[in-house]
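First comes the structure, then the notes that go with it.
The values are calculated or read from the model by the stated rules, or taken from the named source; none is laboratory data. A quick note: this is a predicted structure, and the numbers were derived from the prediction, not measured. Glycine gets a Cβ as well: all are built from the backbone with ideal geometry, and neighbour counts include every protein chain shown.
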Amino acid sequence: MKRFTQVAIIGEFQEGKSTLINSLVGEEVARTGYGKRTTDCVNAYALPGSDCILLDTPGINHSMEDNASTSLGTEHADAFVLMIAGKVLSPSMVDYVQRIVVSPSGFRRPLIPIINDHGANVGIAGESIAALRDAGVNPILFGERMPRIDARCFGKDTGLEYYRGGEAQLRYLFGISPCSNPSPITRICAMLKTVQQLTSFSKNV
């Protein structure tokens, strides 16, 4: 039986999480909306042409209830994608991410940042990455470049052309055919789990 990697898409309220999922799936499977809360629980979506399952989550820091829902619904996630958009991550958001990436068994799961690029968010993303690194999270970047999407063209009249930049990076990251399968995310998760097992074994010898 094929093993699917669960990738949780997390981020603050209205950062483009559901839009990213729709653009990758190729149809409007997740509800989206500007300026209003649209995701109130964790939903799973299969990613065609990939070995990944995407978990759409409520906006972190929108409410304590949403934070709890995200934590519970992503308990068994293999990896996280953090959406960064119009503002630098707040200290409370950095603290939350620092905690949520640790699995119930104490294993630190990989975190990969993606920019929702509304034009000038690269500097904001850089500050957010620095804040995460200061907190010891150390997100994974591919060649120090972050994949980016642009959700400005979202709307019923524009079809499903959600992202204008970074399409090749995103397809590669998630292993969408004809790129790579298993996906880089799956390979990273497998490598880190092997390291964890070896570390646990050496401690018990």
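Could you grab me the full set of residues in the stretch 1-47 that are of a type in the set (Ser, Thr, Tyr) and at pLDDT 80 or above? Spell out how you get there, then give the answer.
Going residue by residue through the stretch 1-47, those that are of a type in the set (Ser, Thr, Tyr) are 5, 18-19, 23, 32, 34, 38-39, 45.
Listed by number, the residues that qualify are Thr5, Ser18, Thr19, Ser23, Tyr45.
Within the stretch 102-117, track down each residue that is closer than 20 Å to Leu141 by Cα and either without any contact (Cβ under 8 Å) to a residue 12 or more places away in the chain or over 11 Å from the mean Cα position of the chain (by Cα) (or both).
Once the filter is applied, which keeps residues that are closer than 20 Å to Leu141 by Cα and either without any contact (Cβ under 8 Å) to a residue 12 or more places away in the chain or over 11 Å from the mean Cα position of the chain (by Cα) (or both), the stretch 102-117 yields Val102, Phe107, Arg108, Arg109, Asn116, Asp117.
State yes or no: is Arg152 part of a loop (DSSP other than H, G, I, E, B), within 22 Å of Val122 (Cβ to Cβ) and at pLDDT below 65?
No, not satisfied.
Go over the candidates Arg187, Arg164, Arg171 one by one and state the one that is at pLDDT below 70 and among the basic types (Lys, Arg).
Criteria check complete, one pass: Arg164.
Restricting to the stretch 50-59, name every residue that is crowded, with 17+ Cβ neighbours inside 10 Å and either at pLDDT 80 or above or among the charged types (D, E, K, R) (or both). Can you show your working first?
Let us first name the residues in the stretch 50-59 that are crowded, with 17+ Cβ neighbours inside 10 Å, namely 50-52, 54-59.
Result: Ser50, Asp51, Cys52, Leu54, Leu55, Asp56, Thr57, Pro58.
Considering only residues that are of a type in the set (A, V, I, L, M, F, W, C) and more than 20 Å from Ala8 (Cα to Cα), which ones fall in the stretch 83-137?
The answer is Val88, Ala120, Val122, Ile124, Ala130, Ala131, Ala135.
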